[in-house]
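First up is the structure itself, then whatever we jot down about it.
The values are calculated or read from the model by the stated rules, or taken from the named source; none is laboratory data. Everything quoted here is computed from the prediction, not taken from an experiment. Cβ: placed from backbone, ideal geometry, glycine included. Neighbour counts: every protein chain shown.
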Amino acid sequence: MRTGHMEGTRQQERTRVELVRQALKLAPIAVFATLLNAFILVLVLWQSISHTSLIIWFSITFCLAVQRSLFLYKYREASLQPDQAARVAKRFVAGLGLSGMAWGFVAIFLFPVDSPTHQILIVFVLCGMVAGAAETFSPVLPAFIAFSLPALVPLFIRFLTIGGPVYNAMSVLTLLYIGMTLIIARRINITNRKSVELKEHFSRMAEERTSANARMQEEMSERRRMEDSLRDSEERLRLLASRLLSTQEEDRKRIARELHDSIGASLSAAKFSMENVIDQIQTGVVKLEPIDYSIRVIKLAIDDVRRIVMDLRPSILDDMGIIATLNWFCEQFKTIHSNIHVDLQIEINGDEIPETLKITIFRIVQEAFHNIAKYSGAEWVDVSITKLQNTIQLSIEDYGIGFDLRAIHANRTSEKGFGLMSMRERTELSGGIFVIASKIGEGTRIQASWTLPC
């Protein structure tokens, strides 16, 4: 109820402001008509009325017209607020009241008693001015009343004062004319008010429709973005799953090949050597060389097993932690790729990194270094792990040839695109944010960050 009442009050204020604006917009025509009629009246009455009276009256009318013009110049184009519109309307009514009194003085001081022709002209001018005011000032009904009553009531009184059947009839007609113009002005005011209210209503409806359309467009755009994102995620997951299967098969082939070529060969050599030793024992002549050879072969097999295990999951990660693992990995990388310098900066304790993130960080570094060695052509790599407040940030930056990110994203089936997608998926699945920036000729920067719960 209170909200509806407040909305109704605001609607009334907006209507009042618009009606005042309409009256100010039409007022310059009234000012021009005032000066024109005053000039004509002075010319016609110049031979019948005292020149002094005419000059004084015209001067007063002219000054009031100038004052109204200045007032209109100040407020006609202004953006009125409700409280300001109320003050402007009061000043507007007061100015028209003074103008109506000036025209009422015509029936008192400039009325030629002995010249019916001039009297008819005065009646015609005054009634015409009031009729024009009914159209011009009716948006602000008090303004019309303030002008019309002071302008015509003195004429009504003048007719009554002169007396006689004709003037009495004219006084009655003047009174009827005042009443009719008031009724007409009232109807015009109601029509204007309803027109303004309808305009406001349609304007609100248009705004609501525009707002609803904007919200609908935004919702549709958001839905399209979500659908595109969903399709993109599904495509990424499909490619990732397909690539993971391929990678799994390739890893199985690699492990099988290494088991066959290295460990299988070593164990076969050890088997033949031990069979030779058994044959020597049966003949009673035992030599140590086959035994030493078997020991060396078995040791090589053990080293191969350790190497394969380290490739699958470094035991140092579980034994020594992520910091030691990264140091070991960087040293191993520099040993294999002696032309690439690696600068590792660690500004966090290993205990501050959750267990679930340790393998993720290692795999991201492992994949990034694989791409650097294969594609970047870089000679220097910066790696840093920091913690700011409750955020862990991993940064890997090389100063190689860089690449076009859009081209990589467009061709996700490439090995490099899969590597980047794999790092992104690892980061996001562990609750992190993955950002990559690369520019041809300026290198590549990879950042992965995780915000830890407080």
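Looking at Lys199, is it of a type in the set (Lys, Arg) and in contact with a helix residue (DSSP H, G or I) (Cβ under 8 Å, 6 or more places away or on another chain)?
yes
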Does at least one position in the stretch 130-143 carry a residue that is touching a residue at least 12 places away in the same chain (Cβ under 8 Å) and farther than 27 Å from Thr15 by Cβ? no
With the structure loaded, tell me whether Leu182 is over 60 Å from the mean Cα position of the chain (by Cα) and either touching a residue at least 12 places away in the same chain (Cβ under 8 Å) or loosely packed, with under 15 Cβ neighbours inside 10 Å (or both) or whether it fails that test. no
Could you tell me which residue of the stretch 303-321 is modelled with the lowest pLDDT, considering only residues that are hydrophobic (A, V, I, L, M, F, W, C) and surrounded by 12 or more Cβ atoms within 10 Å (Cβ to Cβ)? Met310
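Kindly indicate whether any position in the stretch 102-110 is in contact with a helix residue (DSSP H, G or I) (Cβ under 8 Å, 6 or more places away or on another chain) and part of a loop (DSSP other than H, G, I, E, B).
Among the residues of the stretch 102-110, at least one is in contact with a helix residue (DSSP H, G or I) (Cβ under 8 Å, 6 or more places away or on another chain) and part of a loop (DSSP other than H, G, I, E, B), which makes the answer yes.
Considering each residue of the stretch 185-211, count those that are touching a residue at least 24 places away in the same chain (Cβ under 8 Å) and either within 15 Å of Val140 (Cβ to Cβ) or not assigned by TED's automatic domain parsing to the domain that holds Leu152 (or both), and give that number.
7
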Any idea which residue in the stretch 130-178 is nearest to Arg16 (Cα to Cα), counting only those that are among the polar types (S, T, N, Q) and surrounded by 15 or more Cβ atoms within 10 Å (Cβ to Cβ)? Ser138
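Conditions tested, residue by residue: (1) assigned to a helix (DSSP H, G or I); (2) surrounded by 16 or more Cβ atoms within 10 Å (Cβ to Cβ); (3) on the phi > 0 side of the Ramachandran plot.
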residue: Ile346; (1), (2), (3): no, no, no
residue: Lys358; (1), (2), (3): yes, yes, no
residue: Ile364; (1), (2), (3): yes, yes, no
residue: Lys374; (1), (2), (3): yes, no, no
residue: Val381; (1), (2), (3): no, yes, no
residue: Ile385; (1), (2), (3): no, yes, no
residue: Leu394; (1), (2), (3): no, yes, no
